[in-house]
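Have a look at the structure below before the remarks.
No value in this document is a laboratory result; all are computed from the given coordinates. Keep in mind that this is a model prediction, so the values were computed, not measured. Virtual Cβ from ideal backbone geometry, glycine too; neighbours counted across all protein chains shown.
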Amino acid sequence: MKANLAKSPIKLWSTTISLASAVLISGFFNSPARAHALNVRAVRQSFSWERYKVADEGFTVELPTVPALTTYNVPKEPTAKSPLINVIGAYSQGVVYVIQVFGRKQSLENFIVSERGAAASIKSQVNIGGVQGVEVAFQNETSLGRTQYFITDRRIYIFRAQAAPLGNPEIGINEFFGSIKFDKELSARPIAEGPGEPAAEGINGATDQSNAEVFTSKQVERRAQVNTKPNPAYTKEARMHRTTGAVVLKCLFSSKGTVEKIEVVKELPDGLTEKAIAAALQIKFIPPIKDGHFVSTYLQLEYNFNLY
């Protein structure tokens, strides 16, 4: 079956990262003395960092690869909850980078409480170019990272980086957060709607090796950690015909952090199968780990289409 992956807006929801065990680590991301000896310029070149922007938004940021962009359909009805507008996601060297843009409908404090719940008090103040925000750093047995929240007159922004504790993920995480600017820099590269491009991996062969062998979920020490998962929207034809049901896909979650080799297990008409495939290609995740290496595994995805 050949899927028509025409670029059309895809409604996305972001899998919420559980931060219930988050711990604020003062100075955690300050590189130790030995890290200062690294050739940071060489690292940047290997990662191919470039500055990006989203049309009509007031920020730019550097990322190590061309990111995915999904735009939500903002509800027309008034709502007290800040609506999600854009989600940008990229993966490289064991780190997932996510930016979420919300329309401002509430205070930053109330927004963080609604998003983080009981962990909302674990934060420190940050300021970038006069834009106020808060930061949370977290680490547990399977991942580490940082999240920064900012508020402007029109928007609430979340910048998040999460990584597996392999290699030196702090290098990319520090680069990401150090690059955030609240401006409309004309030289920044516009992000196009779609799945983006995979990163050129390989500077850390010990943790980024691409294995030909595919493991089952039971064989790996840590399963894939999904950070963003698009939810496909209905097509006009499907709404017209009131088509409902599920699309089931078998996908390879590769050691490179990309979804590949998609097989259709169960399909639906009216373009819904193609929407599900396009959504699967935009998933951003930290690959499974086995014996200290990122590996590949097959997972089955189910997308349910219901009319309300």
Requested in this report: Using label points projected 7 Å from each Cα along Cα→Cβ, tell me how many nm separate M240 and L307, to one decimal.
Outcome: 1.3 nm
Query raised in the report: Once the piece of chain linking E185 and A55 is laid out straight, how much longer is it, given 0.36 nm per residue of separation minus the C-alpha distance between them?
Result: 45.7 nm
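If R₀ is 41 angstrom, what is the calculated FRET efficiency for the pair T79 and E221, using the beta carbon separation as r and rounding to 0.05?
About 0.45, to the nearest 0.05.
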**Report entry** Vicinal HN-Hα couplings computed from phi for the range 95-100 (Karplus, 6.51 cos²θ - 1.76 cosθ + 1.60; Hz; Gly/Pro x)
**Finding:** 10, 9, 10, 9, 10, 10
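Taking a ≥ b ≥ c as the square roots of the eigenvalues of the Cα gyration tensor of the range 209-305, is the shape rounded (a/c under 1.5), prolate (a/b larger than b/c) or oblate? Present the calculation step by step, with values, prior to reporting the outcome.
Working: a/c = 3.07, a/b = 2.64, b/c = 1.16.
The shape class here is prolate.
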Report summary line: Taking 0.36 nm per residue of separation between S107 and I262 and subtracting their Cα-Cα distance, the length gained on full extension comes to 51.7 nm
Report task. Starting from the amide H of F285, placed 1.01 Å from N in the peptide plane, find each other amide H under 5 Å away whose residue is 5 or more places distant or on another chain. Result -> N227
**Report entry** Placed amide H near I85: partners under 5 Å, 5+ positions off or other chain
**Finding:** V101, F102, G103
Requested in this report: Give me the number: length gained by fully extending D153 to E141, i.e. 0.36 nm times residue separation minus the C-alpha to C-alpha distance, one decimal in nm.
Outcome: 0.5 nm
Query raised in the report: Mind listing the phi-derived Karplus ³J(HN,Hα) values for the range 278-292, rounded to whole Hz, using 6.51, -1.76 and 1.60 with θ = phi - 60°, and x for any glycine or proline?
Result: 4, 5, 4, 5, 9, 5, 10, 8, 8, x, x, 10, 9, 6, x
